[in-house]
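So the structure is just underneath, and the comments pick up after that.
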Number of protein chains: 2
Amino acid sequence: MSDITDTIMIGAGPSALAAAVYTTREDIGTVLYEKGVVGGLAAITDQVDNYPGFPDGVEGMKLAEQLEAQAKRFGADIQYGDVSAITRDDDVLTVTVDGKPVQAKTVLIATGSDYNKINVPGEAEYYGRGVHYCATCDGAFYREKKLAVVGGGNSGVQETIFLTRFASHIDLLVRSTIKASEVLQQELQQYIDSGQVTVHLDTTVREIQATDGKVDRVLLDSNGEANELDVDGVFVFVGLKPNTQILDGSGVELDSMGLIKTDNKLMTNIEGVFASGDVRSGATMQIASAVGEGATAALSIREYLDEHKRSSAQPA
Amino acid sequence: MSDITDTIMIGAGPSALAAAVYTTREDIGTVLYEKGVVGGLAAITDQVDNYPGFPDGVEGMKLAEQLEAQAKRFGADIQYGDVSAITRDDDVLTVTVDGKPVQAKTVLIATGSDYNKINVPGEAEYYGRGVHYCATCDGAFYREKKLAVVGGGNSGVQETIFLTRFASHIDLLVRSTIKASEVLQQELQQYIDSGQVTVHLDTTVREIQATDGKVDRVLLDSNGEANELDVDGVFVFVGLKPNTQILDGSGVELDSMGLIKTDNKLMTNIEGVFASGDVRSGATMQIASAVGEGATAALSIREYLDEHKRSSAQPA
């Protein structure tokens, strides 16, 4: 039985690393599998201004490194590996890592979500430094600046309205027509009327350009014609992709957006399988929330392991 | 209408300070009222080892100061004041501060919970430095050390079992008899049998003593006779007191433990009144969770304010 790990965490972003600080500090055997970057989206974020505890902000990479160091300090085993399946048989969970089965008593799914991209030149290069996907995270860096927002759905319009509290002007770039709710469109209208927002329909971005490393222009296809706009930053809201491909066939329940449903202990509908952070239904896409949920999930995992030990030690 | 604050936060512990970082950064008018110590329990904790982001741990006071500085950086208004009531009339919430009414569109209750004390000499003096109330927080500081645990209820026995993973020996001090569940008592028995735990019934603590500032002894009344034990630390589990006195007459729903019930947006049953951190039903008594909930509550408050603005701007 000793080759059954107490808990396997899938992903090594802020939520899993926080959970691992808790579990390993209590001598719960913990292995994390990461297929991309340890630290997740935090690691590729330029500056994190709102993670509580760092009054002047902290570089995303530095925060990620510190979370990793803290988890490792207490004994977290972080491995690179691609998880393709989770199955439950009796009391044991089997996780398929790089095609090989690994057994665990509990699993924490903390694979996060990715922002959908528009896949144009400049988008990846200036990620987090002029190209953004989270208005709550980065909007405040654009006080009295000019922005382009990409996306005409609910989130595109809602975040445009939100960004008006910072930006002096916003060009809203919409591929066809605005699809947002009537209420949001009516609210947007007041910012159009005041001239703070200009809507460009039938418009796609061809390229995001920068001078001396600072984003200053977007090239557009607008009604079939080339156009360009001077902006200080670009926010893209064209959807979110939860990283749940590994759950195909697992039976783990998702909500209508494809995020994982959990109870108030952060357990999914599968016994012993927990979820936290940006992949969880109700996620805020904030590092602070992901970390807090990681801590909560770790305590639930400990409780589950204790109860399980208790019930298996005591024949009914 | 301009004298109605966007959001009033009651308490200025980690959860409210984290929430205030979020709200103020988005120009949501935010006033915090604290009647005790800014930073809450964190501020009076010696060393915090498991707040994610600080790989070598951080002094509780320093973490509290940094949370306060960060909230103030974005414009949080932290005031000392004693809140005695919250009432709702139509769309406005009225909070009574030092006997005077203050109006707000939303309220966040983040007053925390206090650990019940045994009120003996030495308890307050060595708080966080030999006298502890949270095994998850501080148990790991006692690897291979001798502990006394006070309390014979479910939490006393459960935390004693938990602390056996760190401590070499535990004296469990119980005022009358053990009141914990049968299952917990049976599990405890194995540690009694192995000699790792010794139970002292009909025993109360008279004093906690230290040498050169280090706790090293507890003086007891045991079966009516004076006794003493050499220990490296004392954990007290005699209940938790949620700080909800201010809610008398407010109509805010509490759970059976007296903690505030919330929905998945952290709103209570009263429109516009939110709760986060240690005072919330489901609280883990962990700074990371309290901070994460603060961030989540702040986003819910923003959403509530936006929707409210929208609906009041649009007659049905």
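Numerical summary
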item	result
Rule-of-thumb Rg ratio for chain B [Cα; 2.2 N^0.38 Å; N residues]	1.12
Whole-angstrom gap from the range B:95-136 to the range A:29-76, using each part's C-alpha centre	30 Å
List of the range B:129-144 residues, accessible area with partners at least 40 Å² below that of the chain alone (1.4 Å probe)	B:Thr136, B:Arg143
With Cα atoms, 0 to 90° folded angle of helix A:287-313 axis to chain A main axis	20 degrees
Label distances, nm, B:Asp193 versus same residue in remaining copies, Cβ-directed 7 Å point	7.8
Nonlocal amide H pairs with B:Thr198, under 5 Å, H built at 1.01 Å	B:Ile170, B:Asp171, B:Leu172
Average beta-carbon neighbours from other chains, 10 Å sphere, peptide B:294-303	4
For the range A:117-236, Kirkwood radius (reciprocal of mean inverse C-alpha pair distance, Å)	14.0 Å
Relative contact order of the range B:168-242, defined on C-alpha pairs under 8 angstrom at six or more residues apart (%)	24 percent
Two-decimal ratio, the range A:215-307, of alpha-carbon radius of gyration to 2.2 N^0.38 Å	1.59
FRET efficiency for B:Asp212 and B:Asn119, using Cβ-Cβ distance with R0 set to 35 Å, rounded to 0.05	0.90
Amide proton proximity set for A:Gly239, modelled H, under 5 Å, gap of 5+	A:Asn116
Positive dipole terminus of the range A:117-236, leading residue within A:Thr136, A:Thr164, A:Leu147 (C-beta point charges)	A:Thr136
Order by protection proxy (mean Cβ within 10 Å, highest first), peptides A:262-273, B:186-197, B:11-22	B:11-22, A:262-273, B:186-197
Across B:Lys241/B:Lys261; B:Lys35/B:Lys309; B:Lys105/B:Lys261; A:Lys179/B:Lys309, pairs whose alpha-carbon gap is larger than 25 Å	B:Lys35/B:Lys309
The range A:117-236, relative contact order [Cα under 8 Å, separation at least 6], %	32 percent
Within the range A:121-244, percent of DSSP bridges classed antiparallel, to nearest 5	45 percent
Position B:Thr177, label points 7 Å along Cα→Cβ, spacing to each other copy in nm (shortest first, one decimal)	7.8
Cross-link pairs A:Lys62/B:Lys62; A:Lys117/A:Lys265; B:Lys100/B:Lys265 - those with Cα-Cα distance over 28 Å	A:Lys117/A:Lys265; B:Lys100/B:Lys265
Per residue solvent-accessible surface (Å²) - the range B:117-236, probe of 1.4 Å	45 Å²
Net dipole in debye of the range A:117-236 [+1 Lys, Arg Cβ; -1 Asp, Glu Cβ; about Cα centre; nearest 20]	280 debye
From the C-alpha gyration tensor of the range A:1-107, square roots of 5λ in Å	28, 15, 10
Whole-percent carbon and sulfur share, accessible surface of the protein assembly as shown, 1.4 Å	47 percent
Chain A - percent relative contact order, Cα under 8 Å, separation 6 or more	20 percent
Protection proxy ranking of A:105-115, A:295-305, B:78-88 - average other beta-carbon atoms within 10 Å, highest first	A:105-115, A:295-305, B:78-88
Those residues of the range B:2-28 for which accessible area with every protein chain present is at least 30 Å² below the isolated value (1.4 Å probe)	B:Tyr22, B:Arg25, B:Glu26, B:Asp27
Summed buried accessible area for A+B [probe radius 1.4 Å, Å², rounded to 100]	4500 Å²
Estimated inter-spin distance, B:Ser256 and A:Asn223, nm [label 7 Å along Cα→Cβ]	6.7 nm
Two-decimal ratio, the range A:65-120, of alpha-carbon radius of gyration to 2.2 N^0.38 Å	1.48
Percent antiparallel among DSSP beta bridges (both partners in chain B, rounded to 5)	50 percent
Using distinct alpha-carbon pairs, which all enter the 1/r mean, Kirkwood radius of the protein assembly as shown in Å	26.1 Å
Projected label distance in nm at B:Glu59 and B:Arg165, using a 7 Å step from Cα toward the beta-carbon	3.0 nm
Reduction of at least 30 Å² in accessible surface, 1.4 Å probe, comparing all protein chains with the chain by itself, residues of the range B:32-81	B:Asp49, B:Asn50, B:Tyr51, B:Pro52, B:Gly53, B:Phe54, B:Pro55, B:Gln66, B:Gln70, B:Arg73
Within chain B, helix-based [θ] at 222 nm, where runs of 4 or more DSSP H residues each add -39,500 (n - 2.57), nearest 500	-8000 deg cm²/dmol
Extent along principal axes [Cα atoms of the range B:255-298; Å; largest to smallest]	26, 25, 12
Using a 7 Å Cα-to-Cβ projection, A:Gly258 label spacings across copies, nm, ascending	4.7
Under Karplus coefficients 6.51, -1.76 and 1.60, residue-wise ³J(HN,Hα) of the range A:179-193 in Hz, glycine/proline x	9, 5, 4, 4, 4, 5, 5, 5, 5, 4, 3, 5, 7, 5, 4
Accessible surface of B:Arg143 - all protein chains present, 1.4 Å probe, nearest 10 Å²	100 Å²
Förster-model FRET efficiency, 25 Å R0, B:Asp77 and A:Gln186, C-beta, rounded to 0.05	0.15
Isotropic mean projected area of the C-alpha convex hull, the range A:175-274 (nm²)	10.9 nm²
Cα long-axis angle, helix A:60-73 against chain A (0 to 90 degrees, to the nearest 10)	0 degrees
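The values are calculated or read from the model by the stated rules, or taken from the named source; none is laboratory data. This one's a predicted model, so the numbers in the text were calculated from it and none came from an experiment. Backbone-built Cβ (ideal geometry, glycine too); neighbour counts: all protein chains shown. Surface areas here come from the heavy atoms of the whole protein model, side chains and all, with no ligands, DNA or RNA. Shrake-Rupley method; radii C 1.70, N 1.55, O 1.52, S 1.80 Å.
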